[in-house]
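The block underneath contains the structure these notes are about, expressed in structure tokens.
Read-outs: derived from the displayed coordinates by stated rules, not from any lab. Being a predicted model, the structure only gives us computed values, none of them experimental. Backbone-built Cβ (ideal geometry, glycine too); neighbour counts: all protein chains shown.
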Amino acid sequence: MSSATKREGAGNPAAAVRFDPVPGTIIADKYRVERTLGEGGMGVVVSATHMGLDQEVAIKFLLPEATRSDVAVERFLREAKVAAKIRSDHVARVHDVGTLGDSDGNVPYIVMEHLDGSDLGQLIHRDGALPLEEACEIILQACEGLAQVHAAGIVHRDLKPSNLFVTRKSDGSPAVKLLDFGISKLTVPDQTSIDPALTSTATIMGSPSYMSPEQLKSTKEVDERADVWSLGAVLYEALTGSPAFRGESLPQVCAMIASEDPIPPSARRGDLPEALEQSILRCLDKNPATRESLVALARTLARFVPERGKASLDRIEATVAGLDGKGADDLPVLSLGRGSDTRTRTARGRKAPPREGHPVLRTLFLVGVCAVSGFAIYRHWFRREAASLMNTASSVASAVEAALPPAASESAASAAPSASASAPPAPSSAPSASAAAAKTAPSAAPAKAHSSPHTHHAVKHRSH
């Protein structure tokens with residue numbers, strides 16, 4: 001393997017040795033360095049070619065002086081591991097990780113997808129405030145990537161303009177990639193490695209101008225809401241060209257974030273819609289409990305992006321619905337205001353799968369319900385109707401007997417036995433009913449008060 005070379009400071013033999021992967025260097029016998037893309041205080045990024053696939057990639061090296069710090073090495077490797085866990089079009093993909101162990105010492109590296117474009121910080125520095133639609137579309141895509149990061153149980157903790165890389169699609173529209181998960185927090189603890197942000201509580205991990213008040217106080221206790229604060233600060237700067245909090249020193253910036261409200265963005269940009277301004281200010285709420293949610297911010301942004309960008313909102317809502325354990329229809333409906341075709345989220349069409357129990361248990365349950373229902377119907381309807389019919393027949397017989405003329409009394413008397421055989425009159429049943437009531441009733445109530453109901457029961461028993 002041909003390793004990368006080093007160079008010394010010009011004219012100063014004692015100068016710090018710098019790591020310099022020159023063009024033509026072969027890394028891990030398969031990556032050929034083409035050119036340097038950028039360099040920072042901790043690492044250098046080069047463009048390289050995967051010789052077996054003829055694929056352009058980017059390789060990020062940790063500088064040798066940074067490898068003296070175990071925290072720096074852990075943070076560097078954390079970036080690769082966390083990014084590899086996330087499957088998102090808005091997170092830079094990681095292809096490989098390794099360590100150079102030749103004359104250059106142990107220099108770790110990460111092989112990532114190659115991105116053409118510039119980060120949001122460079123765009124703001126070059127052009128100032130971005131057009132409204134473009135800024136909203138960039139941050140909406142960042143919301144989509146961040147929703148997927150949170151769904152993976154990760155808090156980024158270092159969102160800032162330089163960590164939002166903007167590439168361009170074939171139609172010229174922006175495509176955003178989240179970068180640098182070096183100080184990210186896993187909400188599900190990883191027992192195989194330490195959290196580099198927890199090694200020193202006195203060290204500020206991140207960029208203070210974009211850090212939430214709770215993150216400035218304690219890096220350990222932050223959650224996804226800290227990322228929403230940071231994204232609100234980034235959106236503020238993208239729309240106004242100026243940071244939400246700017247001071248002459250780092251302590252002053254931290255004090256402003258902790259105790260002062262930001263200047264309303266409309267004071268720096270007069271054409272800013274009020275709904276968008278209020279959403280930004282809610283993102284910068286110092287109280288995490290009342291801070292704007294990620295999906296609420298996305299819904300506001302979706303009102304001001306081009307039509308092509310509105311699909312991001314659907315994906316964000318679906319991701320958040322899965323994260324919260326809710327069906328899509330449980331999410332509040334938002335009109336995006338498209339004239340007569342006022343469209344709500346398409347997530348409403350995604351129904352939650354029905355919850356079904358065991359088929360045998362369901363069958364037994366239904367049989368039991370049907371049996372109980374049939375018995376209740378028989379007892380409260382059929383038997384009551386039968387008693388009613390018998391009582392009606394008895395009443396009719398009595399009325400007919402009373403209506404006969406006196407001259408026909410002998411013939412009516414001779415006909416009475418046959419009538420009694422078919423429909424016993426009420427008086428003849430009263431004694432037996434009273435006797436039955438005396439045996440079953442717990443109280444000594446007068447028999448006369450219950451003669452009618454008891455007569456009904458006696459008739460029914462005899463009929464059966």
message = In whole Hz and in residue order, list the ³J(HN,Hα) couplings for the range 217-223 that follow from phi through the Karplus curve 6.51 cos²θ - 1.76 cosθ + 1.60, θ = phi - 60°; x for Gly and Pro.
response = 7, 8, 5, 5, 9, 7, 9
message = Taking 18 Å as the cut-off for C-alpha to C-alpha distance, list the pairs among Lys217/Lys286; Lys81/Lys185; Lys185/Lys217; Lys85/Lys169 that go past it.
response = Lys85/Lys169
key: Interchain or long-range residues, amide H under 5 Å from Leu37's placed H   = Val45, Val46, Ser47
key: Point-to-point label distance, Leu364-Arg268, nm (Cα→Cβ direction, 7 Å offset)   = 6.8 nm
remark   = By the mean-Cβ-within-10 Å protection proxy, highest first, 144-155, 286-297, 47-58 rank as 144-155, 286-297, 47-58
ask   = Residues with amide H under 5 Å of Ser118's amide H, sequence separation 5 or more or different chain, H placed in the peptide plane at 1.01 Å from N; which?
value = Val166
